[in-house]
Amino acid sequence: MRVLITGGSGFIGTRLVRRLLQASHEVTVFDLEAPRVDGVNFIRGNVTDPATVEAAFDTNPESVVHLAAKTSVLNSIKVPKEVFETNVLATQLLLDQARLRGTKSFVFASTNAVVGQSDSKISERTPTLPLTPYGASKAASEALLSAYSSSYGIVTSALRLTNVYGPEMWRKDSIIPRLFRFASGQGSFSVYGDGEQYRDYVFVDDVAAAMERAMESNQSTVVPIGSGESISVTKLVQLVSLVTECQLAPESLPAQPGEMRGVEIDITGAEKWGYSASVMITEGLNLTWQDFQTQLVRD
């Protein structure tokens, strides 16, 4: 299959590209930065630029995996206009080219943040009620997928990802690499509020497998992708302390506005769709820490 991956040079994109090449797919990466994997076509550019998006579709992709986005929840509160311009506009431009070029499937990296705070486990049936501009931008993009699927027959898959982690994420500013940098003496780490806010952490290779499954699907869907097991920030700090053999003592700061108290995912529907979470948090942290240490040696 010919596949166009926006954001294919990033953390999730790199792991997905490796997986697809191993499965003999023909991959084109569309990103501002060069891919970290050999053997792919590369188009440098911004996904909000109509001319560059049009050029990217000259590869006649049978499937598009749209990963490129502004993903910081806190920054989305500070600069909402930038987030909407990037996240929503790019999705519309890509979907419209997919319509014009006859692309069969469109896979979108969404987020559980479209739901907002839920008193029960989040599933594909949970109504959307985002609490932040980031969540709202992803919810708006999901609506676009639904419209293009219904109107033009494109098979669209919105994968509502939880907190993705794993090897090759050392450049990211999310909680696990920040904890690893803190354990390595490369900066500080703060716990906001009481530390009992909880999240579901899903291993990147499980996410890549779900995306490949969505590429090959013949039915549009919205599906949550997580491990099915949530842990608190305090518990995560304890696990990272064990994995790194470094007793971490983070700074405590007041809670941040717009942050959801907890996220619990019901993956029953995802499992019926064909997804499985194969790597749980302790094993995944060990694999990620091993990769992080390798990168420290290179640097």
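Every number in this text was worked out from the coordinates using simple rules, so none of it is lab data. Owing to the predicted nature of the structure, the values given are computational and were not obtained by experimental measurement. Cβ sites come from the backbone with ideal geometry, for glycine too, and all protein chains shown count toward neighbours.
Once you wrap a convex hull around the alpha carbon atoms of the stretch 11-152, what is its projected area averaged over all directions, in nm²? Intermediate values should be presented prior to the final figure.
Values: hull surface 37.1 nm².
For the stretch 11-152, averaging the hull's shadow over all directions gives 9.3 nm².
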(message) Rounding to the nearest 10 and keeping the result within 0 to 90°, find how far the Cα-based axis of helix 11-22 lies from the longest principal axis of the chain.
(response) 60
(request) At 7 Å along the Cα-to-beta-carbon direction for both E229 and Q293, put a label point, then send me their distance in nm to one decimal. (result) 2.2
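Can you tell me the order of 8-18, 93-103 when each peptide is scored by its average per-residue count of other Cβ atoms within 10 angstrom, highest first?
On the way: 8-18: 24.7, 93-103: 18.6.
Listed from highest to lowest mean packing, they are 8-18, 93-103.
Would you work out if the stretch 2-298 is rounded, prolate or oblate? Take a ≥ b ≥ c from the square roots of the eigenvalues of the alpha-carbon gyration tensor; rounded if a/c is under 1.5, else prolate when a/b is larger than b/c, oblate otherwise.
Numbers: a/c = 1.67, a/b = 1.40, b/c = 1.19.
Note, shape of the stretch 2-298 comes out prolate.
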(message) Just to be sure I understand: of the beta bridges DSSP finds with both ends in the chain, what percent are antiparallel, rounded to 5?
(response) 10
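Which length gain, in nm to one decimal place, applies between S150 and D58 when the Cα-Cα distance is subtracted from 0.36 nm times their residue separation? All intermediate terms of the calculation are to be shown ahead of the outcome.
On the way: separation 92, 0.36 × 92 = 33.12 nm, distance 2.45 nm.
Full extension of this stretch gives 30.7 nm more.
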(message) Quick check: the distance between the Cα centres of the stretch 16-76 and the stretch 268-294, to the nearest angstrom?
(response) 23
(request) Find the percent of Cα-Cα distances in the stretch 1-55 that exceed 19 Å, and round it to a whole number. (result) 20
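Highest first, please rank the peptides 229-238, 83-92, 158-167 by the mean number of other Cβ atoms sitting within 10 Å of their residues.
Details: 229-238: 17.0, 83-92: 19.9, 158-167: 23.6.
Ranking the peptides 229-238, 83-92, 158-167 by packing returns 158-167, 83-92, 229-238.
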(request) Straight distance only, please: which aspartates and glutamates reach the Cα of K121 with their own Cα at less than 18 Å, same-chain residues fewer than 8 apart left out? (result) E196, D200, E229, E259, E264, D266, E271
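Under a Cβ-Cβ cut-off of 9 Å, what is the net charge of the residues other than E124 that fall near it, where Lys and Arg count +1 and Asp and Glu count -1? Kindly include the intermediate steps, with their values, before the conclusion.
Details: positive: R125, R160; negative: D266.
That works out to +1.
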(request) Would you mind getting me the FRET efficiency between L21 and L242? Use the beta-carbon distance for r and R0 = 35 Å, nearest 0.05. (result) 0.55
(request) Note down the nm distance, to one decimal, between modelled labels 7 Å out along Cα→Cβ at E124 and at V79. (result) 3.5
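Sorted by average packing, counted as other Cβ atoms within 10 angstrom per residue and highest first, what order do 43-49, 106-112, 65-71 take? Working shown, then result.
Working: 43-49: 15.9, 106-112: 26.1, 65-71: 24.1.
Peptide ranking by packing, descending: 106-112, 65-71, 43-49.
A 31 angstrom limit on the alpha carbon distance is what I want to check against. Which of K81/K272; K138/K172; K104/K235; K172/K235 exceed it? Let's see the in-between values first.
Working: K81/K272 38 Å; K138/K172 20 Å; K104/K235 43 Å; K172/K235 21 Å.
Distance filter (> 31 Å) returns K81/K272; K104/K235.
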